[in-house]
Every structure is written in C-alpha cells, then in structure tokens.
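Novice: The structure is given below, and queries will be raised subsequently.
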Amino acid sequence: MKALLLAAALLAAEGFKARGFLLPDGAVKIDEDRYRFAEPWDEVLKFYRRALPAGKYPRHVLHSQTAVRALHIQNPSGVEWEGANIYEAGRGEVRVYILPGKEPEPEKEKKSGR
C-alpha cells in the first residue's frame, strides 16, 4: 500500500495535463493538441509505462512506410482524450498528438429541499 501511495505521489510531482492527458515536465505546446517532449524516445516511453499502465490504457505500434517510430495509447473511457499518438519526428524530436475525446459530463446542481 505504501508503494502505491509513493508511486501516486511521484506521478503527481512530475508533469502536467492537457485535455486530461498527462505530459512530462518540459513538454512544449507546438500546435493545438500537439506537444514536443524534451526527452528522447526511450525516456518518453518509460514515462508512459509508469504513468499510464498498458493494462488500463491499451497501446499498439503504428506502422508506416517511413522510418518514423510511433505508438498509439488508447483511453478506454474516451473522456477528455480518446487516444494519443506518440511519434519520433525528424532529427530525433519526440512529439505527441492528443486525439480529443468526449467532454466530461457537467456536474448536476443539487436541488434545495424547500
């Protein structure tokens, strides 16, 4: 139990969220729902293995004819973000595109009992 709490505290200490998707510290917004990471490909994958376990967030490798490495992470709930495509662009630059999901349902106002 202590290990779980420690892991949760570590995750909360690093990163920030965009559309509810966790991004590591140092990520820079380059366009709408697109961010560039400061870390290399292997470090980004380590971050997401810890932050979004594959058991809860399915993933698969995206194949293409080019030499680009890419990975898709799926959000089963689809709330805020449907999925994210992490890819290594030219010159070793690692980026993510966050696929928008459903908006969270607004909380209903409590009725006063008069």
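What follows is calculated from the coordinates using simple rules that are stated; it is not laboratory data. It should be emphasised that the depicted structure is a prediction, and the values quoted were computed from it without experimental measurement.
Novice: Over region 35-103, what is the relative contact order in percent, taking alpha-carbon pairs closer than 8 angstrom and at least six residues apart?
Specialist: Relative CO of region 35-103 lands at 31 percent.
Novice: If you average the alpha carbon positions of region 37-80 and of region 83-103, how far apart do those two centres end up, in angstrom?
Specialist: 8
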